[in-house]
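Reading through the structure tokens given below for one structure.
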Amino acid sequence: MAIDWNVIKADYLLHHELSLTALAEKYGVEYPSLNSVASREHWAEERANRGAEIQRKALAAAEINQVEELAAFDNVCLQQAKAILGTVGIVLTEYRKPHELKALASAAESAQRMGRLCLGAAIETTQQIPAEFNVDAARERLYNAMPEAEEKKDPPLQ
């Protein structure tokens, strides 16, 4: 009966727990013959390389999964940032007291930072804000525009 070395080799490569001795017993071949073929054809090196390749592929697959998860998470955060900015825009059209304006400006700034982070943009750099959008200037204008009869609870910050 001819020995099918390819079948034995495949079993060896697929099952790291099997030793050459165990394979010799399993397939009914002499250990010295099996050891000679395995050495000549570098089965041990092939097994090690195959294991390293499988590990590399597993890590690559895990990395792709992490990238997809991060992208999905960033998309949710970006949508939330847009929603916050939309809400701030709507609320700003209503009459607000100075302390409320500051809170809205803070919410808008946080939402902008969150959105920029989600898009991979830098958040450290700040641009000069035009005077009409400056929170302190807007607070001052709003405070000064309040009717005298209305109680001014929050004086402008200096």
Log entry, pairs with first residue in region 34-63 being of a type outside the set (A, V, I, L, M, F, W, C), second being part of a helix (DSSP H, G or I), beta carbons closer than 7 Å, six or more apart or on different chains, reads Asn35/Leu20; Glu46/Leu13; Arg47/Tyr12; Arg47/Leu13; Arg50/Leu13
Pairing a residue in region 15-32 that is modelled with pLDDT of 95 or more and surrounded by 12 or more Cβ atoms within 10 Å (Cβ to Cβ) with any residue that is among the hydrophobic types (A, V, I, L, M, F, W, C) and not in a helix (DSSP H, G or I), where Cβ atoms lie under 6 Å and the two sit 6 or more apart in sequence or on different chains, gives Val29/Ile3
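Matching residues to (1) modelled with pLDDT of 75 or more; (2) within 23 Å of Val67 (Cα to Cα); (3) surrounded by 14 or more Cβ atoms within 10 Å (Cβ to Cβ):
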site	(1), (2), (3)
Ile90	yes, no, no
Thr93	no, no, no
Lys102	yes, no, yes
Ala121	no, yes, no
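The values are calculated or read from the model by the stated rules, or taken from the named source; none is laboratory data. If you're wondering where the values come from, they're calculated on a predicted model, not measured in any experiment. Please note: Cβ atoms are built from the backbone with ideal geometry, for glycine as well, and neighbour counts cover all protein chains shown.
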